[in-house]
Structures are given as C-alpha cells and as structure tokens.
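Novice: Questions regarding the structure given below will be posed in turn.
The values are calculated or read from the model by the stated rules, or taken from the named source; none is laboratory data. These figures come from a predicted structure and were not determined experimentally. We place every Cβ from the backbone using ideal geometry, glycine too, and count neighbours over all the protein chains shown.
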Amino acid sequence: MIYYIKEKQIPESVQKTAGIKAREDLEAIFSSIGIRELPVPTFGIRREELGLFRKFTSHIKIAKTWESICKRLEQNDVVIIQFPIIEHTLFLLNVFRKLKSKNIKIVLFIHDLELIRRGENNTPFFMKTRINLEEKQCLQIADYIIGHNDRMNLYLNQIGISNEKLISLDIFDYIINNFEYNVEERIKLDEPIIIGGNLRKHKAGYVYNLPSKCDFNLYGVGYTENNKENIHYYGAFNPDEIPLVMKGSFGLVWDGMSPKSCEGVYGSYLKINNPHKTSLYIASGIPVLIWKEAALANFVVKKKIGIAIDSLKDIPYIIKQVSKSEYEQMIKNTIKEGERLRCGYYTKLALSKCGNLFSNLSNQ
C-alpha cells in the first residue's frame, strides 16, 4: 500500500501565509491519485518556553507518536513524508530506521531545509548537530527525495546525498478550486506590480524601499506602513482567497532587505528554493517578474511567462519595453501553465519518476 503522512495541526500564525497551503495542496493531490492518508497528531508544543529536560522529553513524545502511527505500515509499503515534519524531533532518524527495517520505502517531499537556509559554516555546534540528526541523516536514509529544483538537488548531492534518489519538482503546484479566469478585469499591462506573501520587515525589507516610479499592490501579512502614494496595501487573505482579489500587471518574486538585489539569508535562499508565491501568481494567471539569479528564473524565462530582472529600480523601464502583443502572449502562456499547477501536474510528474513505486496509481 501507499500512504502519505498528514500532520493534523498547523499553528494559527501561518493560516494566511503559504506555510499551510503548500502542504494541504500536496495532500489533496496525493488523495486524488489514490494515496491513502495516515494521520499523525501534533501537539502545538512551544519548546522555546520549556526547560532543557522538558524539551528533551517533548522530542521523545513526538518520536513515540510517529512510531505508534507508523506501526500500521506493513512490509513493502510506501510512505510519503512532507519534510521537514511540522513538529521536529531529534529522534526522527530512529523512526525512519524502524521503517526501513520493515523494507518500507520512504519518499521525502521537501518544503524547506535548515541545512540549506543556514548553511554549514558559522553554525553553532549544537544547532549543527540537531540539523544533522533531523535533516541530513534522514535525507540520507530516504529512498527518494523530491527537491524543489535542480539547484537544490545539486546542493544536496554535493553534501553527500546520492544523486540517484534526487528528483526535481520544478515548481510547486497551487490548487484553486472552481477557479475562473477574468484576466481582462484583473490583469493589465498598465496596472501596478503585485507583491503577495509575507510582508514583515525582517523577511521582506525591500517592500519598505520600493522604487517611486511605478505603483505596487500589496497583499499579505505583516505590512506596517501605508504612507506612500504609489503603494496600495489591500490586507491579508487566505491562500484560497487571494487569487480572486489580486489585481495588477506582474507578480513580483523578490526577497531580502534590498531593492537593488536579493541579499541576506532570505535573498540567498531564492537562489536554491521555489518560492510558493511564484506558483500563486502563475496559477492565478499573472505573469511574473523574478530576480534573475533566483532558481525559478530559468523556469519563468523558458516558459515565457514573465521577465527576469536585476534590480527593482529597473522595473519601470522594463515595463515600458513590453509591447501589448508580447504581454498578451505572456498572459496566454501563463494561463496554460496555471492550468497545470491547479491540477497538480508537477507533483504527479515528480512521483512518476520515483522508480516504479507509484506506477499503479491513477493519474487523474
């Protein structure tokens, strides 16, 4: 049998971010092709408020819960795990080892990795040890790993993960139920640039230093200023609502503190990950402006669904160079690609590359 792990609780703080949407979409796609749900409860443990002993026992509690649930799996079963798990534990490797002892195949579907985000240099010893136990060794023991893209998988290969088990997703799918395009009303070349997602200063400082020569429509959590004439903030929306309200010309994929280039931890991470907002824009029929060094820039340019840019200050000049016919073709290409994302095309394609593990599943 083939199963996917469903962790049942998500903190309320991520309800209006991509944190819950990406996981729920994968679960919906898995279910649609006949993969069975295996629910694992989470406890909402706030470990930063606990002492050392209680932190340690919470790690044990989570691992024991996983072991208890995974006892239902039988020899030669397959289990898909969205990674990292929501409530991490130092003992997840032990859980994986017990699964492997029953010849159960493990497929990891990566969302984020501290291993990559933090890097291996200048990381405190304890944190490096924890990341090694919770991520690197778990990756090494898995049968297949579905990474975001070729760049992420190259990094994983360079730190010792076998290339034979690495599969590129290319881009995250984005499910929008009962979606109908109204492109003529929402998306026009002379409209503002759209910025969606987490707008908190520590994550997206560039939003507070946007160029003044073009307008921006902002949608997301954490925006704390609204005193510039060219910036229009529309509030935060749930992931299923935002595709229906966004209006503009292009969706911007940028990160970090600077409008000149994507810098710092979050900016550098763009070079290797698939930002979920890219999928949001495309699934909503919105062409993309993306930092030229971002991992997804090649995808955007190859599919002709947007433009790769050096700096935010270049946006007004770039927009002026786009003809009406060029923009209309981008819209058509984006609509076509958006249909794929809304039906789970890339997730299903990635699963089909996991040897013959999923060969008997329906491909709806």
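Novice: Counting only residues that are more than 15 Å from Glu7 (Cβ to Cβ) and among the β-branched types (Val, Ile, Thr), how many does the stretch 27-83 have?
Specialist: Result for the stretch 27-83: 6.
Novice: Considering only residues of the stretch 244-268 that are within 17 Å of the chain's Cα centre (by Cα) and buried (at least 22 other Cβ atoms within 10 Å of the Cβ), which is nearest to Lys324 (Cα to Cα)? Can you show your working first?
Specialist: The initial filter retains those residues of the stretch 244-268 that are within 17 Å of the chain's Cα centre (by Cα), namely 251-256, 265-268.
Restricting the remaining residues to those that are buried (at least 22 other Cβ atoms within 10 Å of the Cβ) gives 251-255.
Details: Gly251: 17, Leu252: 19, Val253: 22, Trp254: 25, Asp255: 28 Å.
Only one residue fits best here, namely Gly251.
Novice: So, one more: Let me confirm something: among Lys271, Lys277, which residue is buried (at least 22 other Cβ atoms within 10 Å of the Cβ) and out of contact with any Leu (no Cβ under 7 Å at 6 or more places or on another chain)? Working first, answer last.
Specialist: On the way: Lys271 fails: buried (at least 22 other Cβ atoms within 10 Å of the Cβ).
Among Lys271, Lys277, only Lys277 is buried (at least 22 other Cβ atoms within 10 Å of the Cβ) and out of contact with any Leu (no Cβ under 7 Å at 6 or more places or on another chain).
Novice: Residues that are touching a residue at least 24 places away in the same chain (Cβ under 8 Å), out of contact with any helix residue (DSSP H, G or I) (no Cβ under 7 Å at 6 or more places or on another chain) and of a type in the set (S, T, N, Q): list the strands (runs of 3 or more DSSP E) wholly contained in the stretch 182-246 that include at least 1 such residues.
Specialist: Details: elements: 193-198, 216-221, 231-233.
Counting at least 1 such residues, we get 193-198, 216-221.
Novice: Restricting attention to the stretch 162-180, report how many residues are more than 23 Å from Pro275 (Cα to Cα) and touching a residue at least 24 places away in the same chain (Cβ under 8 Å).
Specialist: Going through the stretch 162-180 one residue at a time, the tally reaches 0.
Novice: Another question about this same structure. Kindly provide the set of residues from the stretch 349-360 that are within 19 Å of Ser168 (Cα to Cα) and part of a loop (DSSP other than H, G, I, E, B), ordered by number. I'd like the intermediate steps shown before the answer.
Specialist: The initial filter retains those residues of the stretch 349-360 that are within 19 Å of Ser168 (Cα to Cα), namely 349-359.
Once the filter is applied, which keeps residues that are within 19 Å of Ser168 (Cα to Cα) and part of a loop (DSSP other than H, G, I, E, B), the stretch 349-360 yields Lys353, Cys354, Gly355, Asn356, Leu357, Phe358, Ser359.
Novice: Hey, any hits in the stretch 195-203 for a residue that's among the β-branched types (Val, Ile, Thr) and either surrounded by fewer than 19 Cβ atoms within 10 Å (Cβ to Cβ) or within 30 Å of Leu139 (Cα to Cα) (or both)? Break it down into steps so the answer makes sense when it comes.
Specialist: Initial filter on the stretch 195-203 (among the β-branched types (Val, Ile, Thr)): 195.
Applying the additional criterion that residues be either surrounded by fewer than 19 Cβ atoms within 10 Å (Cβ to Cβ) or within 30 Å of Leu139 (Cα to Cα) (or both) yields none.
Checking the stretch 195-203: not a single residue is among the β-branched types (Val, Ile, Thr) and either surrounded by fewer than 19 Cβ atoms within 10 Å (Cβ to Cβ) or within 30 Å of Leu139 (Cα to Cα) (or both).
Novice: Out of Ile60, Ile86, Ile5, Ile10, I need the residue that is modelled with pLDDT under 90 and either of a type outside the set (Asp, Glu) or not in a helix (DSSP H, G or I) (or both). Which one? Let's see the steps before the verdict.
Specialist: Working: Ile60 fails: modelled with pLDDT under 90; Ile86 fails: modelled with pLDDT under 90; Ile5 fails: modelled with pLDDT under 90.
From the options Ile60, Ile86, Ile5, Ile10, the qualifying one is Ile10.
Novice: Of the residues Asn217, Asn177, which single one is under 25 Å from the mean Cα position of the chain (by Cα) and within 18 Å of Ile335 (Cβ to Cβ)?
Specialist: Working: Asn217 fails: within 18 Å of Ile335 (Cβ to Cβ).
After applying the criteria, what remains is Asn177.
Residues checked against (1) among the aliphatic types (A, V, I, L, M); (2) at pLDDT below 90; (3) in the same structural domain as Asp112 (by TED's automatic domain parsing):
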site	(1), (2), (3)
Asp190	no, no, no
Asn198	no, no, no
Tyr208	no, no, no
Ser212	no, no, no
Tyr219	no, no, no
Glu229	no, no, no
His232	no, no, no
Gly267	no, yes, no
Leu270	yes, no, no
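Novice: From (1) within 24 Å of Ile20 (Cα to Cα); (2) not in a strand (DSSP E or B), pick out the condition that doesn't hold for Asn94.
Specialist: (1)
Novice: Let me ask another. If a residue has to be within 22 Å of Ile146 (Cα to Cα) and in contact with a Ser or Thr (Cβ under 7 Å, 6 or more places away or on another chain) to count, how many in the stretch 248-289 make the cut? Talk me through it step by step, then tell me what you get.
Specialist: Residues of the stretch 248-289 within 22 Å of Ile146 (Cα to Cα): 266, 268-280, 282-283.
With the extra rule that they be in contact with a Ser or Thr (Cβ under 7 Å, 6 or more places away or on another chain), the set shrinks to 282.
Total meeting the criteria: 1.
The rows are residues; the columns are (1) closer than 26 Å to Lys213 by Cα; (2) part of a helix (DSSP H, G or I); (3) not aliphatic (A, V, I, L, M).
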| residue | (1), (2), (3) |
| --- | --- |
| Leu280 | yes, yes, no |
| Glu293 | yes, no, yes |
| Val300 | yes, yes, no |
| Ile319 | yes, yes, no |
| Met330 | yes, yes, no |
| Gly338 | no, yes, yes |
| Leu341 | no, yes, no |
| Thr347 | no, yes, yes |
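Novice: Please work out which one of (1) closer than 21 Å to Gly344 by Cβ; (2) crowded, with 20+ Cβ neighbours inside 10 Å is the condition Asn217 fails and give its number.
Specialist: Here Asn217 clears every test but (1).
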